[in-house]
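This report refers to the structure that appears directly beneath it.
The values are calculated or read from the model by the stated rules, or taken from the named source; none is laboratory data. Predicted model only: the values in this text are computed from it and were never measured. For neighbour counting, all protein chains shown are included, and Cβ atoms are generated from backbone atoms with ideal geometry for every residue, glycine included.
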């Protein structure tokens, strides 16, 4: 009984359409061919397909973006107050595994509830359950994602996703690191990959559930809470640098220069997303096997990545727009 991957993520934003433009024109994601819960129609009957017509935009203004064979991986919902994570979707094996995870969470002292068929349909999955981590992030466990294939990046980007999941998300713990670590490791079964002790009580802690070095990161930097960044990994270094060119041309803030991390070996840069948190585009991330043992590092990078020191991170977080 293990978590298989970080399967999907939902954000809030005052203008999801801006995220659609950013996702397609900068990141190279594709609008979902059908929205979550939308009727696919009958392939042999012309005109019977999804009403959204591949626009990726729902009637309520929500936006759904695709990056691989899954129907969608990133959703952005209208929200004037929460400009960060609204939910994280963690994939489990099947219905029995979902029930076992709910039981394990309850035994560990956390509230967990099985979801309804309607709630599962709203995420394009076969079954769903709900819980909340100690930092207040809504966690959705699910099985059976909808696979519709036919991903085609408008910018020629190819993402390393599939069974490894969407990438990784780094969450801010606001002095709740011990409780968050207990939740993800003891209650959900994540394993420690590595951690960085920066001094001054600041740390970065990385947790894995599949060969990807980490799917969840927990950052203890001051009293900030929410999401620090979402990482998407591409298959060629050229794609990282081409994305950086688009970011520069569009006048988007680069929050960390190109560099290579010491923990997961990722060559990447960081940018500001449309409504606050950061997005990392990376290449060449380390894959771990069962013989891996965690390391303690005292700095985050082999080279580069100017702007990722705890002081700059705290300053950038303080400057982020609030709801």
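Would you mind stating whether residue 309 is surrounded by 16 or more Cβ atoms within 10 Å (Cβ to Cβ) and in contact with a helix residue (DSSP H, G or I) (Cβ under 8 Å, 6 or more places away or on another chain)?
no
Considering only the stretch 44-60, I want to know if a residue exists there that is outside the structural domain of residue 225 (by TED's automatic domain parsing), more than 26 Å from residue 185 (Cβ to Cβ), modelled with pLDDT of 95 or more and surrounded by 21 or more Cβ atoms within 10 Å (Cβ to Cβ).
The answer is yes, given that some residue of the stretch 44-60 is outside the structural domain of residue 225 (by TED's automatic domain parsing), more than 26 Å from residue 185 (Cβ to Cβ), modelled with pLDDT of 95 or more and surrounded by 21 or more Cβ atoms within 10 Å (Cβ to Cβ).
Across the stretch 272-302, which residue is modelled with the highest pLDDT among those that are touching a helix residue (DSSP H, G or I) at 6+ places or on another chain (Cβ under 6 Å) and farther than 19 Å from residue 218 by Cα?
For the stretch 272-302, the residue satisfying everything is 283.
Any idea which of (1) within 30 Å of residue 299 (Cα to Cα); (2) in a strand (DSSP E or B); (3) out of contact with any helix residue (DSSP H, G or I) (no Cβ under 8 Å at 6 or more places or on another chain) is the one residue 178 doesn't satisfy?
(2)
Which of the numbered conditions does residue 305 fail, given that it passes all the others? Conditions: (1) at pLDDT below 95; (2) within 26 Å of residue 85 (Cα to Cα).
(1)
Provide a single number: the residues in the stretch 189-203 that are in contact with a strand residue (DSSP E or B) (Cβ under 7 Å, 6 or more places away or on another chain), farther than 12 Å from residue 295 by Cα and at pLDDT 95 or above.
2
Among (1) outside any helix (DSSP H, G or I); (2) more than 23 Å from residue 19 (Cα to Cα); (3) within 20 Å of the chain's Cα centre (by Cα), where does residue 183 come up short?
Of everything listed in (1) outside any helix (DSSP H, G or I); (2) more than 23 Å from residue 19 (Cα to Cα); (3) within 20 Å of the chain's Cα centre (by Cα), residue 183 misses just condition (1).
From the list 224, 187, which residue is buried (at least 17 other Cβ atoms within 10 Å of the Cβ) and under 23 Å from residue 319 (Cα atoms)?
224
Do any strands (runs of 3 or more DSSP E) entirely within the stretch 211-306 hold 3 or more residues that are within 29 Å of residue 13 (Cα to Cα) and not assigned by TED's automatic domain parsing to the domain that holds residue 182, and if so, which?
By residue number, no strands (runs of 3 or more DSSP E) qualify.
Given the conditions (1) modelled with pLDDT of 95 or more; (2) closer than 19 Å to residue 198 by Cα; (3) not in a strand (DSSP E or B), and given that residue 311 satisfies all but one, which numbered condition is not satisfied?
(1)
Let me confirm something: among 259, 323, which residue is modelled with pLDDT under 95 and more than 20 Å from the chain's Cα centre (by Cα)?
323
Mind checking which strands (runs of 3 or more DSSP E) fall wholly inside the stretch 49-160 and carry at least 1 residues that are touching a strand residue (DSSP E or B) at 6+ places or on another chain (Cβ under 6 Å) and in contact (Cβ under 8 Å) with a residue 40 or more places away in the chain?
Of the strands (runs of 3 or more DSSP E) lying wholly inside the stretch 49-160, those with at least 1 residues that are touching a strand residue (DSSP E or B) at 6+ places or on another chain (Cβ under 6 Å) and in contact (Cβ under 8 Å) with a residue 40 or more places away in the chain span 63-66, 74-78, 85-91, 138-143.
State all residues of the stretch 231-253 that are surrounded by fewer than 21 Cβ atoms within 10 Å (Cβ to Cβ) and closer than 30 Å to residue 183 by Cα; if no residue qualifies, say none.
Selection gives nothing.
Would you mind stating whether residue 7 is part of a helix (DSSP H, G or I) and surrounded by 15 or more Cβ atoms within 10 Å (Cβ to Cβ)?
no
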